[in-house]
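The values are calculated or read from the model by the stated rules, or taken from the named source; none is laboratory data. What you see is a predicted model; the values in this text were computed from it and never measured. FYI the Cβ positions are ideal-geometry reconstructions off the backbone, even for glycines, and counts take in every protein chain you see.
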Amino acid sequence: MQRINCLIALGLLAVTVALHAERIKDLAEVAGVRPNQLVGYGLVVGLDGTGDRTSQTPFTVQSVRAMLAAQGIQISVDRARSMQLKNVAAVMVTAELPAFSKPGQKIDVTVSSLGNAKSLRGGNLLMMPLKGADGNVYAMAQGSLLVSGFGASGKDGSKIVVNIPSTGRIPDGATVERSVPSPFAMGQSIVLNLHTPDFTTAKRVAEHINDTLGAGTAKALDAVSIKVSAPHEANQRVSFVAFLENLEVTPGDAPARVIVNARTGTIVIGSHVRVQPAAITHGSLTVTISENPAVSQPRPFSEGQTVLNAQSDVQITEEQKPMFLFAPGTELSAIVNAVNGVGASPSDLVAILQALKQAGALRAELIVI
């Protein structure tokens, strides 16, 4: 019951906050201004015997052989197969290239084991390229790893692992080599894309921009996009977008939804959830069976045998919970007060909401995650 009250308090707080205006910066983003994902394959060296077991990861041996060949050291295929490279691990390196990144800037990278390395702690990533979806190299990564995970094992097979030692990060571990062209300064307009599609919010954003900058400046294209006429010169366009970002608009109300996390029992009820007339009772039937065996022994010097007599005690208990009635258009607070009044737990509330939805009395979208 306390948990339900807590959830409702959060819901009412969200309703109060939604009544205030929000910056366009928090509601939308400029189309085309986005980060790009980079990925690459490399080797981590300098591990303390926690690297790949080469008998199970032949690609590690192939990579080391190719790396040494690039340094002028030739190793035959047969000799390479017999190499034990416990201090080397094959890894995948990922990074996010922010919008407008320029050559020479630094970005963080994440390094993850590709083979069966136990830990990357203490390792050093050798120089390797990071490529985009188009196959071009946009950054070069190299550096010492920071690994928060730790693992230890004993000779008897026991082990303990804290966090994930097979993944690490390198702050500023990659240098940008190529910038990504951006459409920001192209054309006669920019497009603002809402984070959450909503026709009401799109309409209000367009109207507020027109009220501030003049009629015809902005036009809502759909529930997500608002097209805004913008200066052509780059410096003026930056100042123009900076001004737009700080305009405050009251967004539209969220749809009526009930979110249920079946694994944790968490329930979130939106502010516009309504219930049509319905009468509800909720209880549970408990059946308890107790076995009390009794031993029957024969009289002394008789030919009888000891017998075990089974005695079962069956009890059926049904919780007596009152029925409660929802009037037409019942709001969130009334729903919670009624459910709390009969002592329902979060799991009981889930069952009640599902039953209301099946009966067609719940005027909201029920989402189970």
Checklist entry - Do the conditions hold for Leu126, that is, is it part of a strand (DSSP E or B), in contact (Cβ under 8 Å) with a residue 60 or more places away in the chain, surrounded by 15 or more Cβ atoms within 10 Å (Cβ to Cβ) and in contact with a helix residue (DSSP H, G or I) (Cβ under 9 Å, 6 or more places away or on another chain)? => result yes
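Among Gly11, Gly51, which is modelled with pLDDT under 90, surrounded by fewer than 20 Cβ atoms within 10 Å (Cβ to Cβ) and in contact with a strand residue (DSSP E or B) (Cβ under 8 Å, 6 or more places away or on another chain)?
Exactly one residue qualifies, and that residue is Gly11.
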Next on the checklist: I'd like the full set of residues that are assigned to a loop (DSSP other than H, G, I, E, B), among the β-branched types (Val, Ile, Thr) and more than 27 Å from the chain's Cα centre (by Cα), limited to region 19-59.
Outcome noted: Thr50, Thr54, Thr57
Item to check | When residues of region 223-250 are limited to those that are out of contact with any Pro (no Cβ under 8 Å at 6 or more places or on another chain) and in a loop (DSSP other than H, G, I, E, B), the one nearest to Leu366 (Cα to Cα) | outcome: Thr250
Next on the checklist: Looking at (1) surrounded by fewer than 15 Cβ atoms within 10 Å (Cβ to Cβ); (2) basic (Lys, Arg); (3) in a loop (DSSP other than H, G, I, E, B), which one does Lys118 not meet, given that it meets all the others?
Outcome noted: (1)
Checklist entry - Could you give every pair whose Cβ atoms fall below 7 Å, whose first residue belongs to region 205-216 and is free of Cβ contacts under 8 Å to residues at least 40 places away in the same chain, and whose second residue is among the charged types (D, E, K, R), counting only separations of at least 6 or pairs across chains? => result Ala206/Lys219
Item to check | Residue that is farthest from Ala31 (Cα to Cα) [pool: residues in region 209-227 that are crowded, with 17+ Cβ neighbours inside 10 Å and of a type in the set (A, V, I, L, M)] | outcome: Ile209
Next on the checklist: Taking the criterion of being in a loop (DSSP other than H, G, I, E, B), within 36 Å of the chain's Cα centre (by Cα) and loosely packed, with under 11 Cβ neighbours inside 10 Å, would at least one residue in region 69-88 satisfy it?
Outcome noted: no
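For (1) in contact with a His (Cβ under 9 Å, 6 or more places away or on another chain); (2) modelled with pLDDT of 70 or more; (3) in a loop (DSSP other than H, G, I, E, B); (4) closer than 14 Å to Ile352 by Cα, each residue gets a yes or a no:
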| position | (1), (2), (3), (4) |
| --- | --- |
| Gly252 | no, yes, yes, no |
| Ile259 | no, yes, no, yes |
| Ile267 | no, yes, no, yes |
| His272 | no, yes, yes, no |
| Thr286 | no, no, no, no |
Checklist entry - Is region 68-85 home to any residue that is in contact (Cβ under 8 Å) with a residue 40 or more places away in the chain and of a type in the set (A, V, I, L, M, F, W, C)? => result no
Checklist entry - If only one of Lys102, Lys131, Lys118, Lys106 is among the charged types (D, E, K, R) and closer than 10 Å to Gly173 by Cβ, which one is it? => result Lys106
